[in-house]
Each structure stands twice: as C-alpha cells, then as structure tokens.
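> Here it is, the structure in full.
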Amino acid sequence: MTAIGHHDNIGRCDISQLCLLAGKIILQNGGETYRVEDTMVRIAAACGISQSQSFVTPTGIIFAIEGTAHTTRLMRISQRSTNLLKVTLVNDISRQMSRGEVTPEEAYSLLQRIDSGASGYSYPNWLKVVTAAIASGCFLIMFQGAWSDFWPVVASGGIGYLFFVTLHRVVPITFFAELLTAVLIGLLSVLSVHIGFGTDLDKIIISSVMPLVPGLHLTNAVRDLMAGHLVSGLSKGAEAFLTAFAIGAGIAAVLSFY
C-alpha cells in the first residue's frame, strides 16, 4: 500500500514527528539549511499536508502545520557532525515518499534506524582515523611536499585525529578539543623534524591539520547566505571561524616555543 493510502490514518503530531526527525538527521550530519526545510515540506506534502512551514537554524528546528488544527513543534539540535551518507539516505526516503513508494510508517521506521546509527549508517571511529591519516598524506602530495614526509604526516594526522575523537567524548566543547588537537599535531610535527623523521615542518603541519579544517561548514555557510538564510549562514560562518582560530592558535602556541 502506498503512502497516499495511509494519509487518513496518520495524525498531525505523527507527521510533525516524521518531518522533524528527517530534518534533524540532515541538520546534524552536515546538510544545508535550505535542504532541511525543503525536505520537511516535501515529506509533509507527501503525507497530504499542503500547508506547512519550517524555520531552521543550526541549533533548532521549528515546524508548523497550518489548518483548522494548527500544530507547531520545536526540536533542539545540540550535536552536529559530518555524515553525508545519512543526508543522502534521508533525501532518498523523501523522494520515495513523494512517489508513493514508501508509507509514512515505513519512512519513520527507516529514519529511526538511520538516526540511531545502526550498522551501515555510521562510520566507525577507526575508519575515521585511518581516513584522516591517509587524507593528510594525500594533502602533503597535493601541496607539493616531499614523499619522504609522507609517513610523518600520516602519523601526526592520524594520531591527532584519534586524539580529537577521544577528547571530544570527554570535552564536548568542540573549540577546546580542536585547540588541544592542534597543539598535539604541532608537537608531533616538530618532534618528527627534530629527530630527522621529517624535513619540511611547514608542509607537515599544514597537511596534518587539514582533516580538522571546517571546509564543509564554510561551504554550507556560503550556500545558506546565497539562499537567503542569513541567520544560519552567519552562525555557520562564525562556527567555522572559531574552528579555524582554534587550529591556528594551537599551532601558533607550539611554534612560539620552537
């Protein structure tokens, strides 16, 4: 049975929960603000709600269903990360609902599995660390660094990201976790050059911190500003600036004593 056939069996509160859950997953995993709002409105339309409004900021989602029984709900967003796989999966579910291939109940169940981080929907920490290490080495080559510095960069980038993932569990404030991680990466880079394991300190440091650089936040900030979402664009830009400042301050603190 298609989603069209289930519209009468679903209350407005349930539709609000479905839309908010979809928006939450996209927003928490690196999606743009306009994508969140568009997906929520499309899901509501697929459930037979033609009049709905959404307002999204990086820290909260407000969704309203207009009509005789007006419904407005708010969801607070406290944690944000990057997992574009989840964003893609939610978009796919939204399209399937629009085509009538998935019922709202099935969509809600799928979204709950995605949100809970079930197997196949989240990347394990060891994979993130390995990817960060390899990416750091690739950035070194892209910056025209020497191949002899490849392994020092892989080591400092991987260890630094492992430290960041571990520390972020203890210190939920991202700014301090990134600051201390930058200090550690700086110390490892200086140590590798000092013992002769590496040669070009500048390229080793730059390549090692690249996995921490907020490239996605900057991109989303610009896209949100261009789409007219000024509050979200400015707030994401400020968050990216703080991350960049934390990285720069950590490296500068190490180099000042070198």
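> Expressed as an acute angle from 0 to 90° and rounded to the nearest 10, what is the orientation of the C-alpha long axis of helix 84-98 relative to the principal long axis of the chain?
Long axis of 84-98 versus the principal axis of the chain: about 20 degrees.
> When only C-alpha pairs under 8 Å and at least 6 residues apart count, what is the relative contact order of segment 125-257, in percent?
Rounded, it is 28 percent for segment 125-257.
> Could I ask something else about it? Accessible area, 1.4 Å probe, largest first: how do 33, 59 sort?
59, 33
> Let me ask you something else. Ranking request for peptides 97-109, 157-169: highest mean number of other beta-carbon atoms within 10 Å first, then the rest in descending order.
Ranked from most to least packed, the peptides come out as 157-169, 97-109.
> Compute for segment 125-257: radius of gyration divided by Kirkwood radius, i.e. Rg/Rh, restricted to C-alpha atoms, rounded to two decimals.
When Rh is taken as the Kirkwood radius, the ratio is 1.02.
> In whole angstrom, how long is each semi-axis of the equivalent ellipsoid of segment 2-116, when you take the square root of 5 times every eigenvalue of its Cα gyration tensor and sort them from largest down?
Rounded to whole Å, the semi-axes are 21, 17, 11.
> Can you list the lysines whose alpha carbon is less than 29 Å from that of residue 24, not counting same-chain residues fewer than 8 positions off?
86, 128, 236
> Among 50, 156, 207, whose mean-square fluctuation peaks in a Gaussian network model of the chain (Cα, cutoff 10 Å)?
Ranking 50, 156, 207 by mean-square fluctuation puts 50 first.
> List the residues, sorted by chain then number, that are 5 or more residues from residue 81 or on another chain and whose placed amide H is less than 5 Å from its amide H.
Placed amide hydrogens put 29, 30 under 5 Å from residue 81.
> Still on this structure, I have one more. Taking θ as phi - 60°, what are the ³J(HN,Hα) couplings along segment 143-148 by the Karplus curve (6.51, -1.76, 1.60), each to the nearest whole Hz, with x for Gly and Pro?
These are the phi-based 3J(HN,Hα) values: 7, 6, x, 7, 4, 5 Hz.
> While we're on this one: Around residue 26, under 15 Å between beta carbons, what's the net of Lys plus Arg minus Asp minus Glu among the other residues?
It works out to a net charge of +2.
> Same structure again: With point charges of +1 on the Cβ of Lys and Arg and -1 on the Cβ of Asp and Glu, referenced to the Cα centre of the chain, which listed residue (163, 111, 225) lies farthest in the positive direction of the dipole?
163
> Same structure again: Where nothing but the Cβ of Lys and Arg (+1) and of Asp and Glu (-1) is charged, how large is the charge dipole of the chain around its Cα centre, in debye to the nearest 20?
180 debye
> Give a residue-ordered list of calculated ³J(HN,Hα) values for segment 154-169 (Karplus: 6.51 cos²θ - 1.76 cosθ + 1.60, θ = phi - 60°; whole Hz; x for Gly, Pro).
4, 5, 5, x, x, 5, x, 6, 4, 4, 5, 4, 5, 5, 5, 5
The values are calculated or read from the model by the stated rules, or taken from the named source; none is laboratory data. From a predicted model like this one, the values you see are computed outputs, not experimental measurements. Cβ: placed from backbone, ideal geometry, glycine included. Neighbour counts: every protein chain shown. These area figures cover heavy atoms from the full protein model, side chains too; ligands, DNA and RNA do not enter into them. Shrake-Rupley method; radii C 1.70, N 1.55, O 1.52, S 1.80 Å.
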